[in-house]
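What follows is a single structure, written as structure tokens, with notes after it.
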Amino acid sequence: MEQQRKPLRISDLNEVGRYAVGMHWSDGHESILPLDSLRRHCPCLACRGEVTAELSEDSRRLHQLMRLGDAAVFMAWRDGHETIYTLTQLRALCRCAYCAGEPEKPITGA
Ligand SMILES: [Zn+2]
Ligand SMILES: [Zn+2]
């Protein structure tokens with residue numbers, strides 16, 4: 001059977017409590033991403049995915065959460081910062097047992 005590679009999508013996106021964002025993926029996967037982790041990996045030009053400074057409470061709290069079409073998610077933080085994550089970037093942050101259990105998984109894919 002031919003397996004067609006479809007672009008990954010998010011079928012459901014919502015805040016989980018005050019400190020995390022949850023999402024359902026089109027391949028059936030579920031992720032819960034802590035806001036702290038999301039902010040630390042902010043891919044914008046200022047953060048470059050590596051925020052090592054201490055984060056204030058407002059820097060880890062969401063002001064707005066919004067899907068941008070099918071391929072990205074917009075997050076506005078209480079401290080005024082804004083982040084746009086592509087779905088690929090979000091999925092890479094998933095640390096669930098399944099994702100974390102494959103340390104040998106090649107990052108580059110095929
Ligand atoms: Zn940033
Ligand atoms: Zn996962």
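The values are calculated or read from the model by the stated rules, or taken from the named source; none is laboratory data. Bear in mind the structure is a predicted one, so any value in this text is a computation, not a measurement. A quick note on method: Cβ atoms are made from the backbone with ideal geometry, for glycine too, and the neighbour counts reach across all protein chains shown.
Of the residues screened, ARG39 is one that is in contact (Cβ under 8 Å) with a residue 24 or more places away in the chain, within 14 Å of the chain's Cα centre (by Cα) and surrounded by 14 or more Cβ atoms within 10 Å (Cβ to Cβ).
Summed over segment 17-48, the residues that are outside any loop (DSSP other than H, G, I, E, B) and in contact with a strand residue (DSSP E or B) (Cβ under 7 Å, 6 or more places away or on another chain) give a count of 14. Screening VAL51 against (1) within 14 Å of ligand 1 (Cβ to nearest atom); (2) assigned to a loop (DSSP other than H, G, I, E, B); (3) in contact (Cβ under 8 Å) with a residue 24 or more places away in the chain; (4) surrounded by 14 or more Cβ atoms within 10 Å (Cβ to Cβ) leaves a single unmet condition, (3). Within segment 54-66, the set of residues being in a loop (DSSP other than H, G, I, E, B) and surrounded by 14 or more Cβ atoms within 10 Å (Cβ to Cβ) comprises LEU55, ARG61.
For segment 36-46, check the following and say yes or no: at least one residue is in contact with a helix residue (DSSP H, G or I) (Cβ under 8 Å, 6 or more places away or on another chain), among the polar types (S, T, N, Q) and within 16 Å of ligand 1 (Cβ to nearest atom). No: segment 36-46 contains no residue that is in contact with a helix residue (DSSP H, G or I) (Cβ under 8 Å, 6 or more places away or on another chain), among the polar types (S, T, N, Q) and within 16 Å of ligand 1 (Cβ to nearest atom).
Looking only at residues of segment 72-104 that are farther than 17 Å from ARG40 by Cβ and of a type in the set (D, E, K, R), we find that the one that is surrounded by the fewest Cβ atoms within 10 Å (Cβ to Cβ) is GLU104. Taking ALA76 as the residue in question, decide whether it is at pLDDT below 95, of a type outside the set (Asp, Glu) and away from ligand 2 (no atom under 16 Å from the Cβ). No: the conditions fail for ALA76. When GLY69 is tested against the conditions (1) more than 14 Å from ligand 1 (Cβ to nearest atom); (2) more than 13 Å from the chain's Cα centre (by Cα); (3) buried (at least 17 other Cβ atoms within 10 Å of the Cβ), the lone failure is (3).
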